[in-house]
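Participant: What follows is a structure written as structure tokens; I'll ask about it next.
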Amino acid sequence: MAHVMIVVGSVRPGRIGLPIAEWVRSRVEGAGHDVDFVDLKELALPFLDEPHHPIKRDYQHAHTRAWSARVEATDALIFVTPEYNHSYSPALKNAIDYLYTEWQGRPVGFVSYGGMSGGSRGVTALEPVLSTVGLVKIPTEVNLPGASKQVGDGGFAADDRQTSSLDALVAQLVAYGEALRPVQARR
Ligand SMILES: Cc1cc2nc3c(=O)[nH]c(=O)nc-3n(C[C@H](O)[C@H](O)[C@H](O)COP(=O)(O)O)c2cc1C
């Protein structure tokens with residue numbers, strides 16, 4: 001059993017990121033893992049307001065210390081994120097920028113969504129950010145093109161192919177988490 005953090009990367013009113021992330025949560029819990037569900041709208045981090053580079057971990061604000069402790073308690077992460085203007089969600093980038101050492105050696109999988117590209121350009125735009133802070137992106141990605149058509153009153157109605165892709169992502173994420181333990185121990 002792993003402790004998996006699911007991050008809802010969009011904060012807009014009416015966002016479809018929330019029902020998609022709830023679907024992700026149901027599959028991760030169904031596979032027997034613990035979930036820490038992080039809705040960035042609820043987390044409500046201001047634009048980065050720490051005076052020191054996060055590598056120093058000299059945090060001045062309670063919201064940063066709480067965010068740091070939450071990430072420290074996870075084995076692996078799933079970012080559920082849209083693509084905005086061919087790039088990443090600014091709320092997600094801001095949440096990453098708050099920390100540094102905490103990310104190192106932690107695996108991350110992406111469930112992205114958007115128009116035809118299924119949010120994949122947003123993921124690609126984030127890759128240099130991930131590698132800079134030491135997050136390890138796993139190869140399996142779930143990209144959901146035209147996902148808004150699958151969102152209704154009952155939440156996100158995934159098809160079988162999307163569900164089996166997500167299950168494969170979760171299995172790979174947990175395997176990477178185990179393999180990366182020696183790297184995490186060097187933080
Ligand atoms: C400011 C903005 C920019 C967008 N840019 C893109 C884009 O570049 N590519 C794309 O496929 N969809 C784009 N979209 C469509 C979003 O992927 C779609 O609205 C999605 O529902 C946004 O996620 P959210 O509802 O969780 O915020 C954009 C939407 C917004 C609001």
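Taken together, the values in this text are just the output of simple stated rules run on the coordinates, not laboratory data. Here the structure is a predicted model, which means the values were calculated and not measured. Cβ sites come from the backbone with ideal geometry, for glycine too, and all protein chains shown count toward neighbours.
Participant: Each label point is 7 Å from the Cα along the Cα-to-Cβ direction; what then is the distance between the points at Asp167 and Thr140, in nm?
Facilitator: It works out to 1.0 nm between the two label points.
Participant: For a label point 7 Å from the Cα of Ala175 along Cα→C-beta, name the residues of segment 130-158 whose backbone N is under 11 Å from it.
Facilitator: Within reach of a label on Ala175: 139-140.
Participant: Could I ask something else about it? If one takes the longest principal axis of the Cα atoms in the chain, at what angle in degrees, from 0 to 90 and to the nearest 10, does the Cα axis of helix 17-30 lie?
Facilitator: Approximately 90 degrees, to the nearest ten.
Participant: Using bins 5 angstrom wide from zero, how does P(r) for the chain break down, in % of all Cα pairs?
Facilitator: Whole-percent P(r) values from 0 Å outward: 1, 8, 18, 22, 22, 16, 9, 3, 1, 0.
Participant: Further question: With axes computed from alpha carbons, what is the tilt in degrees of helix 62-72 against the longest principal axis of the chain, rounded to the nearest 10 within 0 to 90?
Facilitator: The angle comes out at about 70 degrees.
Participant: Between Pro145, Pro82, Pro51, find the one with the highest GNM mean-square fluctuation for the chain; connect C-alpha pairs within less than 10 Å.
Facilitator: Pro51
Participant: How much length would be gained if the chain were fully extended between Ala69 and Asp34, taking 0.36 nm per residue of separation minus their Cα-Cα distance, in nm to one decimal?
Facilitator: Numbers: separation 35, 0.36 × 35 = 12.60 nm, distance 1.62 nm.
Contour length minus Cα-Cα distance gives 11.0 nm.
Participant: Suppose R0 equals 25 Å; then what is the FRET efficiency for Met1 and Ala44 from their Cβ-Cβ distance, rounded to the nearest 0.05?
Facilitator: 0.25
Participant: In nm, to one decimal, how far is the Asp153 label point from the Ser131 one, both placed 7 Å along Cα→Cβ?
Facilitator: Result for the modelled spin labels: 4.8 nm.
Participant: Using a Gaussian network for the chain with springs between C-alpha atoms less than 10 Å apart, which of these wobbles most: Ile78, Ile55, Ile16?
Facilitator: Of Ile78, Ile55, Ile16, the Gaussian network model singles out Ile55 as fluctuating most.
Participant: Still on this model: Please give the calculated 222 nm ellipticity per residue for the chain, where each DSSP H segment of at least 4 residues contributes -39500 (n - 2.57) and the sum is spread over every residue; nearest 500 deg cm²/dmol?
Facilitator: Helices in the chain give a 222 nm mean residue ellipticity of -12500 deg cm²/dmol.
Participant: Another question, if that's okay. Rounded to the nearest 10 degrees, what's the angle between the helix 160-179 long axis and the longest principal axis of the chain, both from Cα atoms, 0 to 90?
Facilitator: Its long axis makes an angle of about 20 degrees.
Participant: Something else about it: Any idea how far apart Arg12 and Arg187 come out in nm if each label point goes 7 Å out from Cα toward Cβ?
Facilitator: Each label point lies 7 Å from its Cα, and together they span 3.2 nm.
Participant: May I ask for the distance between the Cα centers of segment 91-133 and segment 11-47, given as a whole number of Å?
Facilitator: The distance from the Cα centre of segment 91-133 to that of segment 11-47 comes to 15 Å.
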